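Presented below is the structure to which this report refers.
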Amino acid sequence: MEPVDASPDGAVLRLAYRPPYDWPAMLSFLRERAVEGVEHVEGEVYRRTVREDGRTGAVEIAHHAGEECLHATIRLLGPFGLAAVTVRIRRVFDLDADIAAIGAHLARDPFLAPMVAARPGLRAPGGWDGFELAVRAVLGQQVTIAAARRLAGQLVRLCGTALPDAGRMHSALGRAFPTAAQVAAADLAPLGMPGARKAALKAIAEAALADPTLFQPRASVEETVARLRAVRGVGEWTAQYIALRAVREPDAFPASDIGLLRGAATNGTRPSPAELAGRAEPWRPRRD
């Protein structure tokens, strides 16, 4: 982390990565899922509101390909929040990935080799916060990405904290994603989703409040997934998805994901989740 500039209400940091980096793919993923009020993608820039240790603010992330880094503008938090927010940025944008080593490992499989060669800078987008990612995973169960995004926006308006100062970075930013305490205390009846999924949101919020380490890695991906699956309403796909994006388990693999099954189709025929999991065994420990 190298400072580039500073101002009374923030700082600009240079966050390096090991090239190549497919920035358009990363930005496209985040743009499609950006939650209204919390996130905003405009042109080649990603912005979002942040909350860290009681402080709130906003960040702006831009890619500088010639410098092989991202420039992160962090505003309003104060100096004590910079380090923690920087860790979150590196997780979301997968900046610590050894992309060459990962590509070489996956290219051993003849099925993956041409894909790796065609898209050498692809990275696995992370989650800003474990609880937020878990909530968004539940909201995304059995619905489209657009529907999940709308539900997340409704939840933010329902119980997220208003952050009027975030508009100093961009007018589209105005709320922080709800905390576990806010979701646990909220009346979720206005959300247009099945009662079982509303109950799952409550269960995740209560579990996160009871165990602050819920979204930290365990000794193995299997233990991480088992811990998450112990929460009511969190099934295998959801647990693997949380492990992949929030916990950053490199071997997490949501084999029943429809996108993965489509991508693994041969001659128009999709494998079953069990067949895909078997095919992915040689990809360990980098199935993400």
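The values are calculated or read from the model by the stated rules, or taken from the named source; none is laboratory data. Everything quoted here is computed from the prediction, not taken from an experiment. Reconstructed Cβ throughout: ideal geometry from the backbone, glycine too, with neighbour counts over all protein chains shown. The area values use the complete protein model at the heavy-atom level, side chains included, leaving out ligands, DNA and RNA. Shrake-Rupley method; radii C 1.70, N 1.55, O 1.52, S 1.80 Å.
Here are a few things to note about the model shown:
- Residue selected from the stretch 156-166 under the condition assigned to a helix (DSSP H, G or I) and under 11 Å from Val38 (Cα atoms), by the criterion nearest to the chain's Cα centre (by Cα): Val156
- Evaluation of Arg90 against (1) in a helix (DSSP H, G or I); (2) over 22 Å from the mean Cα position of the chain (by Cα) (one fails), failing number: (2)
- Counting the residues of the stretch 264-277 that are open to solvent by less than 60 Å² (accessible area, probe 1.4 Å) and not in a helix (DSSP H, G or I) gives 4.
- Segments classed as strands (runs of 3 or more DSSP E), wholly inside the stretch 1-84, with at least 2 members that are over 12 Å from Leu173 (Cβ atoms) and at pLDDT 95 or above: 10-16, 55-64, 69-75
- Filter result for Pro110 (surrounded by fewer than 18 Cβ atoms within 10 Å (Cβ to Cβ), assigned to a loop (DSSP other than H, G, I, E, B) and touching a residue at least 12 places away in the same chain (Cβ under 8 Å)): no
So that you can scan it fast, the table gives a plain yes or no per residue for (1) within 17 Å of Asp129 (Cα to Cα); (2) of a type outside the set (Val, Ile, Thr):
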{"position": "Val183", "(1), (2)": "yes, no"}
{"position": "Leu191", "(1), (2)": "no, yes"}
{"position": "Lys198", "(1), (2)": "no, yes"}
{"position": "Pro212", "(1), (2)": "yes, yes"}
{"position": "Ser220", "(1), (2)": "no, yes"}
{"position": "Val231", "(1), (2)": "no, no"}
{"position": "Ala246", "(1), (2)": "yes, yes"}
{"position": "Asn267", "(1), (2)": "no, yes"}
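- In the stretch 169-200, the residue that is least open to solvent (accessible area, probe 1.4 Å) out of those that are among the hydrophobic types (A, V, I, L, M, F, W, C) and farther than 20 Å from Gly37 by Cα is Ala200.
- Any hit, the stretch 149-163, residues being farther than 21 Å from Glu52 by Cβ, open to solvent by less than 50 Å² (accessible area, probe 1.4 Å) and in contact (Cβ under 8 Å) with a residue 12 or more places away in the chain: yes
- The set of residues from the stretch 39-81 being under 17 Å from Pro164 (Cβ atoms), in contact with a Gly (Cβ under 7 Å, 6 or more places away or on another chain) and aliphatic (A, V, I, L, M) comprises Val50, Leu76, Leu77.
- Of the residues making up the stretch 93-107, those that are closer than 21 Å to Ala16 by Cβ and part of a loop (DSSP other than H, G, I, E, B) number 6.
- Taken together, the residues in the stretch 210-263 that are under 21 Å from Phe93 (Cα atoms) and part of a loop (DSSP other than H, G, I, E, B) amount to 10.
For (1) under 24 Å from Ala181 (Cα atoms); (2) among the β-branched types (Val, Ile, Thr); (3) free of Cβ contacts under 8 Å to residues at least 40 places away in the same chain; (4) open to solvent by 50 Å² or more (accessible area, probe 1.4 Å), each residue gets a yes or a no:
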{"site": "Leu95", "(1), (2), (3), (4)": "no, no, no, no"}
{"site": "Asp98", "(1), (2), (3), (4)": "no, no, no, yes"}
{"site": "Trp128", "(1), (2), (3), (4)": "yes, no, no, no"}
{"site": "Leu139", "(1), (2), (3), (4)": "yes, no, no, no"}
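- Yes/no for Ala117 being farther than 28 Å from Arg284 by Cβ and either open to solvent by 30 Å² or more (accessible area, probe 1.4 Å) or assigned to a helix (DSSP H, G or I) (or both): no
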